[in-house]
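Here's the structure, in structure tokens; my notes come after.
The values are calculated or read from the model by the stated rules, or taken from the named source; none is laboratory data. Bear in mind that the values here come from a model prediction, so they are computed numbers and not experimental data. Don't worry about glycine lacking a Cβ; one is built from the backbone with ideal geometry, like all the others, and counts go over all protein chains shown. Heavy atoms of the whole protein, side chains included, go into the accessibility calculation; ligands, DNA and RNA do not. Shrake-Rupley method; radii C 1.70, N 1.55, O 1.52, S 1.80 Å.
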Amino acid sequence: MTPEVAIRKREQMLRDGYCVIDDILTEDFLQELQDESERVIKDHKPLPDFKYQGQHVDLKGSDNEIIQRLLEWKPSRNALEQMGFGDFKSVGAVIILTKDPGEPALYWHQDWMRWNDPITCAPWPQTIFLNYYLQDTTIENGCLKVIPGTHHKRIALHDQMVPAHEQGARFIDEDHPVMFGDHPDQVDVCVSAGSLVLGDARVLHAARRNQTSQRRTLILAWHTRPNTVPGYWKGVIPEVIANRDPDGQYPGSRIPCEYLTDISGEADPPRIQSL
Ligand SMILES: O=C(O)CCC(=O)C(=O)O
Ligand SMILES: [Fe+2]
């Protein structure tokens, strides 16, 4: 990646809440990860609660040499460094997530757990996912969908959603019109196998149903950075962040509170259309 491209990717992360870095894995390492994920999945008993996320296998780098190599993968580290994201550290583990043939879509959600903390207002990312897709992803096999900008901007969908994962969404019906609806601003993030999708934990995202006869596998690695202003940030520091008490108690929450506002200032009419 050239320095110019790295800056553009960072700008996209800050503006849209996601970006794609193509071909980050070598052919050989991709093959190794495919083989290893198949081996691990074979020994795993999927739980019914996870049907929208597919197989959901947690793996620590310290327990698996191949996963540790992925967490330390030089091209990914270099890309983060070049983007100014060098202070992001992996949590030391990954989640292997699959969509098997015929499996349902993943509902709209965001994964930020700190909505009560003023750091929520950071114009820069604090927690990101590194998503390694092990097959080409398409609309047919369950590609990721993102609504750009929703890491900073409240839209109508935020107030219609069932909270993510264990807090409700795992237990909804497969035909839930809001959680599985199409949104006019959604972007399908179709990537080639071995590419990396970076995403801000706050951005609204979902994944399509797998209508093909092949499994679609993702290795997801969460990364976080300290609660500081990153060196590349030259813009205004929001007052709530400048005044944030670093020793404050901010109970974890997945539900966006008043820190997430509609920056457009317009009343956002409900815009969800069911599929
Ligand atoms: O399956 C995907 O592409 C995304 C998975 C995801 O966002 C999640 O499990 O939180
Ligand atoms: Fe997610």
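Can you confirm whether GLN211 is touching a strand residue (DSSP E or B) at 6+ places or on another chain (Cβ under 6 Å), more than 30 Å from ASP247 (Cα to Cα), open to solvent by 10 Å² or more (accessible area, probe 1.4 Å) and not aliphatic (A, V, I, L, M)? Please lay out each step first, then the result.
Values: touching a strand residue (DSSP E or B) at 6+ places or on another chain (Cβ under 6 Å): no; more than 30 Å from ASP247 (Cα to Cα): yes; open to solvent by 10 Å² or more (accessible area, probe 1.4 Å): yes; not aliphatic (A, V, I, L, M): yes.
Answer is no for this residue.
Go over the candidates ASP58, ASP63, ASP87 one by one and state the one that is open to solvent by 20 Å² or more (accessible area, probe 1.4 Å), acidic (Asp, Glu) and closer than 19 Å to THR217 by Cα. Outline the logic, then answer.
Numbers: ASP63 fails: closer than 19 Å to THR217 by Cα; ASP87 fails: closer than 19 Å to THR217 by Cα.
Just one listed residue meets the conditions, ASP58.
Is it fair to say THR120 is assigned to a loop (DSSP other than H, G, I, E, B), β-branched (Val, Ile, Thr), open to solvent by less than 30 Å² (accessible area, probe 1.4 Å) and in contact (Cβ under 8 Å) with a residue 12 or more places away in the chain? Before you say what the answer is, go through the steps one by one.
Details: assigned to a loop (DSSP other than H, G, I, E, B): no; β-branched (Val, Ile, Thr): yes; open to solvent by less than 30 Å² (accessible area, probe 1.4 Å): yes; in contact (Cβ under 8 Å) with a residue 12 or more places away in the chain: yes.
Spelling it out, it is not the case that THR120 is assigned to a loop (DSSP other than H, G, I, E, B), β-branched (Val, Ile, Thr), open to solvent by less than 30 Å² (accessible area, probe 1.4 Å) and in contact (Cβ under 8 Å) with a residue 12 or more places away in the chain.
Condition (residue is open to solvent by 10 Å² or more (accessible area, probe 1.4 Å), in a loop (DSSP other than H, G, I, E, B) and more than 13 Å from ligand 2 (Cβ to nearest atom)) applied to the stretch 192-202: is it met by at least one residue? Before the answer, list the steps.
Within the stretch 192-202, the subset open to solvent by 10 Å² or more (accessible area, probe 1.4 Å) is 192-193.
Still in the list and also in a loop (DSSP other than H, G, I, E, B): 192-193.
Now drop any that are not more than 13 Å from ligand 2 (Cβ to nearest atom), which leaves 192-193.
Within the stretch 192-202 (the criterion being open to solvent by 10 Å² or more (accessible area, probe 1.4 Å), in a loop (DSSP other than H, G, I, E, B) and more than 13 Å from ligand 2 (Cβ to nearest atom)), the answer is yes, since at least one residue qualifies.
Evaluate the following for LEU14: is it outside any helix (DSSP H, G or I) and surrounded by 14 or more Cβ atoms within 10 Å (Cβ to Cβ)? Walk me through how you get there before you give the answer.
Details: outside any helix (DSSP H, G or I): no; surrounded by 14 or more Cβ atoms within 10 Å (Cβ to Cβ): yes.
No: the conditions fail for LEU14.
Each row is one residue, and each column tells you yes or no for (1) within 16 Å of ligand 2 (Cβ to nearest atom); (2) more than 16 Å from the chain's Cα centre (by Cα); (3) among the hydrophobic types (A, V, I, L, M, F, W, C).
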| residue | (1), (2), (3) |
| --- | --- |
| LEU220 | yes, no, yes |
| PRO230 | no, yes, no |
| GLY235 | no, yes, no |
| GLU239 | no, yes, no |
| ALA242 | no, yes, yes |
| ASP247 | no, yes, no |
| TYR250 | no, yes, no |
| CYS257 | no, yes, yes |
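Please indicate, with yes or no, whether at least one residue in the stretch 35-52 is without any contact (Cβ under 8 Å) to a residue 24 or more places away in the chain, surrounded by 15 or more Cβ atoms within 10 Å (Cβ to Cβ), out of contact with any Cys (no Cβ under 8 Å at 6 or more places or on another chain) and closer than 17 Å to TYR132 by Cα.
Checking the stretch 35-52: not a single residue is without any contact (Cβ under 8 Å) to a residue 24 or more places away in the chain, surrounded by 15 or more Cβ atoms within 10 Å (Cβ to Cβ), out of contact with any Cys (no Cβ under 8 Å at 6 or more places or on another chain) and closer than 17 Å to TYR132 by Cα.
Which of the following residues is within 16 Å of ligand 1 (Cβ to nearest atom) and more than 17 Å from the chain's Cα centre (by Cα): ASP175, ASP136?
On the way: ASP175 fails: within 16 Å of ligand 1 (Cβ to nearest atom).
ASP136 is the lone residue from the list that is within 16 Å of ligand 1 (Cβ to nearest atom) and more than 17 Å from the chain's Cα centre (by Cα).
Please go through (1) open to solvent by 20 Å² or more (accessible area, probe 1.4 Å); (2) of a type outside the set (S, T, N, Q); (3) in contact (Cβ under 8 Å) with a residue 24 or more places away in the chain for ASP159 and return the number of the only condition it doesn't satisfy.
Condition not satisfied by ASP159: (3).
Does GLN31 satisfy the condition of being open to solvent by 40 Å² or more (accessible area, probe 1.4 Å), closer than 20 Å to VAL91 by Cα and without any contact (Cβ under 8 Å) to a residue 12 or more places away in the chain? Write out each step before concluding.
Values: open to solvent by 40 Å² or more (accessible area, probe 1.4 Å): yes; closer than 20 Å to VAL91 by Cα: no; without any contact (Cβ under 8 Å) to a residue 12 or more places away in the chain: yes.
Considered against the rule, which asks whether it is open to solvent by 40 Å² or more (accessible area, probe 1.4 Å), closer than 20 Å to VAL91 by Cα and without any contact (Cβ under 8 Å) to a residue 12 or more places away in the chain, GLN31 comes out as no.
Is it the case that ASP87 is within 16 Å of ligand 2 (Cβ to nearest atom), of a type in the set (Asp, Glu) and out of contact with any strand residue (DSSP E or B) (no Cβ under 6 Å at 6 or more places or on another chain)? Talk me through it step by step, then tell me what you get.
Numbers: within 16 Å of ligand 2 (Cβ to nearest atom): no; of a type in the set (Asp, Glu): yes; out of contact with any strand residue (DSSP E or B) (no Cβ under 6 Å at 6 or more places or on another chain): yes.
So ASP87 does not fit the description; no.
Could you list, in sequence order, all residues of the stretch 127-143 that are within 16 Å of ligand 2 (Cβ to nearest atom) and open to solvent by 10 Å² or more (accessible area, probe 1.4 Å)?
Here is the first cut: in the stretch 127-143, the ones within 16 Å of ligand 2 (Cβ to nearest atom) are 127-133, 137, 142-143.
Listed by number, the list holds a single entry, THR127.
Can SER76 be described as closer than 25 Å to ASP35 by Cβ, away from ligand 1 (no atom under 14 Å from the Cβ) and either among the aromatic types (Phe, Trp, Tyr) or touching a Leu at 6+ places or on another chain (Cβ under 8 Å) (or both)?
Numbers: closer than 25 Å to ASP35 by Cβ: yes; away from ligand 1 (no atom under 14 Å from the Cβ): yes; either among the aromatic types (Phe, Trp, Tyr) or touching a Leu at 6+ places or on another chain (Cβ under 8 Å) (or both): yes.
Criteria met by SER76.
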